[in-house]
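Would you mind keeping the following structure in view while I ask a few things?
The values are calculated or read from the model by the stated rules, or taken from the named source; none is laboratory data. These numbers come from a predicted model, not from an experiment. So basically every Cβ, Gly included, is an ideal-geometry build from the backbone, and we count neighbours across all protein chains shown. Ligands, DNA and RNA are excluded from the accessible area calculation, which covers all protein heavy atoms including side chains. Shrake-Rupley method; radii C 1.70, N 1.55, O 1.52, S 1.80 Å.
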Amino acid sequence: MRTAILTDTNSGLTVEEGKAAGIYVLPMPVIIEEKSYLEGIDITNEQLYEAIRTDKELSSSQPSPGDILAMWDQILGDGYDEIVYIPMSSGLSSTCSNAMQLAQEYDSKVQVVDNHRISVTLRESVYDAMALADQGHSAAEIKKRLEDSAYLATIYLTVPSLKYLLKGGRITPAAAAIANIFNIKPILTIQGEKLDLFAKVRGIKQSEKRMIEALKADLASRFSDIPSRRLLVATAGTFEKKEDADRWRGLVQSAFPESTVSYSPLPCSIACHVGMDATALGAVVTEER
């Protein structure tokens, strides 16, 4: 059996990066001033940042059923017998549940995985799936393995401005007004299902410190029995300036010297909801590769 791995750009993988790794990647739609763009195809992070800076109306969407079915048919036409499709968490988008409905017409040839991840943690799930496929596991076996390990990941994120969270209805206008007056920054977390409020901290520097402390606590408790070779620590954000991204990655690297900490731009479909200079870090348990 030849098993293909498919994800979307919410994983942080571009279509080109996917091709280089033998992974299929479905570009996510991003909407600017009511015009739809496909992430990595006709819009880049830099172009999205320009839209944010000029206060354009932004939103994201999910792939259409037609686009999903066309991708599945293309993959099966490429000679694969089955597909493992790993979209973003069902708690953050209906893409996953809709894909599960569509997959019922494919007689188990398409296995849709809901392992409750996004961004860097989702990307590692995709690489895990690829490794398992290379080891000869079936699509159904890979789906079970990824869903069984769904909650072995953690993400923390903070934003300098509540403007885009307010636009998306994730906080109330009153809460946003109070937060702005007192320079309060929310720290959000994803431990699985959905984006939740973890803490309220005054100032970005204190937010960064609190996120690092929270991740250290996770590693010392939830992941204390995980070998270091299977534990990945990563940073992400929506920084325009490379030096800002390097500063954040370096700060986290100093806090976790036993890890090789990477930095990735948050995907456009996430960036349009958090705005500029969002700061994130996380950890994820990987398969043996």
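Here are some conditions: (1) in contact with a Gly (Cβ under 8 Å, 6 or more places away or on another chain); (2) aliphatic (A, V, I, L, M); (3) not in a helix (DSSP H, G or I). L232 meets all but one. Which one does it not meet?
Looking at each condition in turn, L232 falls short on (1).
With the requirement that a residue be among the β-branched types (V, I, T) and part of a strand (DSSP E or B), what does the stretch 235-289 give you? Steps first, answer last, please.
Step one: of the stretch 235-289, the residues among the β-branched types (V, I, T) are 235, 238, 252, 260-261, 270, 274, 279, 284-286.
Across the stretch 235-289, the qualifying residues are T235, T279, V284, V285.
Take the residues in the stretch 90-104 that are of a type in the set (A, V, I, L, M, F, W, C) and in a helix (DSSP H, G or I); name whichever of them is farthest from S61 (Cα to Cα). Lay out the reasoning, then the answer.
Filtering the stretch 90-104 for residues of a type in the set (A, V, I, L, M, F, W, C) gives 92, 96, 99-100, 102-103.
Right, trim to in a helix (DSSP H, G or I) and you get 96, 99-100, 102-103.
Numbers: C96: 13, A99: 14, M100: 17, L102: 18, A103: 20 Å.
Per the criteria, the residue is A103.
For the stretch 1-35, give me each residue that is over 13 Å from the mean Cα position of the chain (by Cα), part of a helix (DSSP H, G or I) and closer than 16 Å to P267 by Cβ.
V15, E16, E17, G18
For the stretch 67-114, what are the residues that are open to solvent by less than 30 Å² (accessible area, probe 1.4 Å) and aliphatic (A, V, I, L, M)?
I68, M71, I75, I83, V84, I86, M88, A99, A103, V110, V112, V113
Please verify whether the stretch 27-41 includes one or more residues that are over 19 Å from P87 (Cα atoms), out of contact with any strand residue (DSSP E or B) (no Cβ under 6 Å at 6 or more places or on another chain) and of a type in the set (S, T, N, Q).
Within the stretch 27-41 (the criterion being over 19 Å from P87 (Cα atoms), out of contact with any strand residue (DSSP E or B) (no Cβ under 6 Å at 6 or more places or on another chain) and of a type in the set (S, T, N, Q)), the answer is no, since none of the residues qualifies.
Residues D196, D246, D225, D277: which one is under 17 Å from the mean Cα position of the chain (by Cα), open to solvent by 50 Å² or more (accessible area, probe 1.4 Å) and without any contact (Cβ under 8 Å) to a residue 24 or more places away in the chain? Give the derivation first.
Working: D246 fails: under 17 Å from the mean Cα position of the chain (by Cα); D225 fails: under 17 Å from the mean Cα position of the chain (by Cα); D277 fails: without any contact (Cβ under 8 Å) to a residue 24 or more places away in the chain.
When all the criteria are applied, what remains is D196.
Quick one: S90 ticks every box in (1) modelled with pLDDT of 90 or more; (2) touching an Asp or Glu at 6+ places or on another chain (Cβ under 9 Å) bar one, so which box is it?
Only one criterion in (1) modelled with pLDDT of 90 or more; (2) touching an Asp or Glu at 6+ places or on another chain (Cβ under 9 Å) is unmet by S90, namely (1).
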